[in-house]
């Protein structure tokens with residue numbers, strides 16, 4: 001990136017022109033996802049990355065957004081160009097958080113300036129933080145954050161006041177539902193290696209300047225890694241979405257060395273490496289969703305479930321359940337109950353009124369969904385949703401209940417609120433309406 005910038009400067013391109021273009025691009029990315037103005041909080045460092053974020057904020061302000069700038073450093077310590085963009089943004093003397101508003105009426109009520117450095121970044125008083133949280137209450141939705149603290153070249157570990165500012169960003173994301181846009185890189189992530197500080201900014205969107213940085217594609221920077229045998233790597237890698245990483249493996253035995261939070265095992269797996277799959281199911285310490293081919297493999301040695309080192313969530317359809325428990329001739333409810341009495345697992349038994357069972361827990365019946373979901377690929381969506389919920393800290397029991405409800409409700413919305421029918425419903429229709437189901441659940 002630096003080489004590209006130096007080449008541009010050699011051609012006569014000015015730093016400020018690049019900054020203006022980058023900031024406009026960030027603002028365009030924000031408005032692509034949030035068409036209605038809301039509130040934007042800019043966390044600004046002292047260099048060009050902060051300048052990019054401030055230009056973006058100025059573009060958003062012209063569109064009606066309310067802007068709050070949180071400075072990690074005193075203005076005197078910031079670069080000249082960054083100070084210029086800050087002055088352009090506020091135009092008139094801003095209101096300083098915690099100070100009394102000017103009586104002259106000259107302050108721009110659309111911009112608020114918060115001096116984080118005055119309170120060691122994360123040490124804002126409770127009163128000040130309350131003011132920040134409640135400011136511009138009329139624009140409660142949407143709330144976005146621009147991470148303009150550090151740019152390319154900064155490496156972990158983080159130090160105060162930047163560390164405290166990162167923690168504040170992540171707290172606002174968690175507690176206030178803010179969406180975080182990282183400018184070029186999330187602060188705390190090494191742009192080359194992908195190594196992340198423990199307080200690295202958790203970004204919902206990263207708007208890269210120039211080109212995607214290698215660190216964004218490293219394992220530690222990704223939420224989804226797909227492991228596949230070497231022989232099919234090129235096929236899967238070519239079809240995978242950009243937000244996922246596909247890694248080739250010689251043996252599934254190597255997976256036990258991987259640092260992951262949650263496993264989803266089964267869809268498209270095949271049965272050619274059954275012994276390796278048994279080992280993964282039994283020895284992996286992290287929570288695991290077991291579906292499709294891994295269930296069929298497991299049926300050949302069901303006793304493996306008694307010795308698993310981590311929590312296991314099984315998601316069979318009736319045919320797979322019959323293979324897992326061939327001697328059971330009773331109702332689905334009794335079959336699920338007895339299975340969980342035999343094995344220390346969570347069972348999501350698909351079907352009309354999907355059942356979620358776990359030892360010493362009440363049976364849970366799902367009420368959403370329709371017959372259109374009885375088609376290939378629907379189970380893969382459910383597996384991914386349940387794995388994602390496990391990754392957010394839900395128990396297998398709760399992840400199964402919520403995952404079943406969400407997928408079923410998304411299918412209902414696709415039919416009754418969209419243009420699909422039970423006959424035409426496809427897995428992608430459920431995927432497209434998962435967001436609607438989440439929003440309905442929150443409301």
Put in order of increasing Cβ neighbours within 10 Å, starting from the fewest, 364, 193 give 193, 364
Fewest Cβ neighbours within 10 Å first, please rank 52, 380, 360, 261 accordingly.
-> 360, 261, 380, 52
Going fewest to most other Cβ atoms within 10 Å around each Cβ, 40, 407, 59 line up as 59, 40, 407
Angle in degrees between helix 48-62 and the longest Cα principal axis of the chain, rounded to the nearest 10 | 90 degrees
Nearest 10, in degrees from 0 to 90: the angle of helix 80-90 to the longest Cα principal axis of the chain is 80 degrees
For helix 332-342, report the angle its Cα long axis makes with the longest principal axis of the Cα atoms of the chain; keep it between 0 and 90° and round to the nearest 10°.
-> 80 degrees
What is the antiparallel percent of DSSP beta bridges lying wholly in the chain, to the nearest 5?
-> 15 percent
Of all the C-alpha pairs in segment 151-192, what % are more than 10 Å from each other?
-> 71 percent
For segment 260-442, what is the percent of antiparallel DSSP beta bridges, rounded to the nearest 5?
-> 45 percent
Over all alpha-carbon pairs in the chain, figure out the percentage whose distance exceeds 30 Å.
-> 54 percent
Segment 329-443: Rg/Rh from Cα coordinates, Kirkwood Rh?
-> 0.98
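Quick note: the coordinates plus some simple rules give every number you see, no bench work behind them. What you see is a predicted model; the values in this text were computed from it and never measured. Note that we place each Cβ from the backbone using ideal geometry, even for glycine, and neighbour counts take in every protein chain shown.
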